[in-house]
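The values are calculated or read from the model by the stated rules, or taken from the named source; none is laboratory data. On a predicted model such as this, the values are computed, not experimentally measured, just so you know. Here Cβ is always computed from backbone atoms with ideal geometry, including for glycine, and neighbour counts include all displayed protein chains.
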Amino acid sequence: MKRLLVVFSLLFLSLGAWAQYSETQWVDYNQAFEKARKGRNTGIGLVIGGGVAVVGGGAAVIIGLTTSVVGAAVGATVGSIGGQEGASNGAQQGSKAGDPLMTAGLIAAGAGLVATGVGIPLIVKNNRTLKQLRLGPTGNGVGLALVF
C-alpha cells in the first residue's frame, strides 16, 4: 500500500511538471539570431544616417546664417543708394536670404537626432541578444543556443 501511495504521489508530481511543457515554447535560435543581427544592422544604419543628418543640418544652418548676415550687409550697402529708408529695407530683405536654408538645416538636424536616439537602443538590445546566442550543445547536437 505504501508503494502504491509513493507511485501515485510521484505520478501526481510528474504530471504537474509535464503539464507545463509545451511544444510551442521552442525557439528557433537561427531565426532569433537573424532577427537580432538585422536589428543591430538597422540600428547601425540609423546611427550613421542620423549622424550625417546632424552634421549636414548643422552645416546648412551655419551657411544659412552666413548668407543672412552677408545678405543684410549687401542689401544695406546697395539700398543705401536710395537713402536711409532704402538701406533699412535692403538690410531687412537681405537678412531673409538664408531663412529657408536654416529651416531645412534645423529640420535635418532634428531628424538626425531622432534617428540616432532610436538607433542606439536598437544596437544595444540586439548586441546583448547576439552575445547570448552562441554555438554550443543543443538537444540535437551542436548548434546555436541561448547562453545566459
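Of all the criteria given as (1) farther than 30 Å from residue 30 by Cβ; (2) modelled with pLDDT under 80; (3) surrounded by 13 or more Cβ atoms within 10 Å (Cβ to Cβ), the one not satisfied by residue 81 is (3).
Starting from region 28-44, take each residue that is surrounded by 13 or more Cβ atoms within 10 Å (Cβ to Cβ) and list its partners that are of a type in the set (D, E, K, R), counting only C-beta distances under 8 angstrom and pairs at least six apart or across chains. Going by the 8 Å Cβ cut-off, the qualifying pairs are 39/125. Screening the candidates 113, 101, 106 for the property of being surrounded by fewer than 18 Cβ atoms within 10 Å (Cβ to Cβ), in contact (Cβ under 8 Å) with a residue 12 or more places away in the chain and farther than 30 Å from residue 130 by Cα yields one hit, 106.
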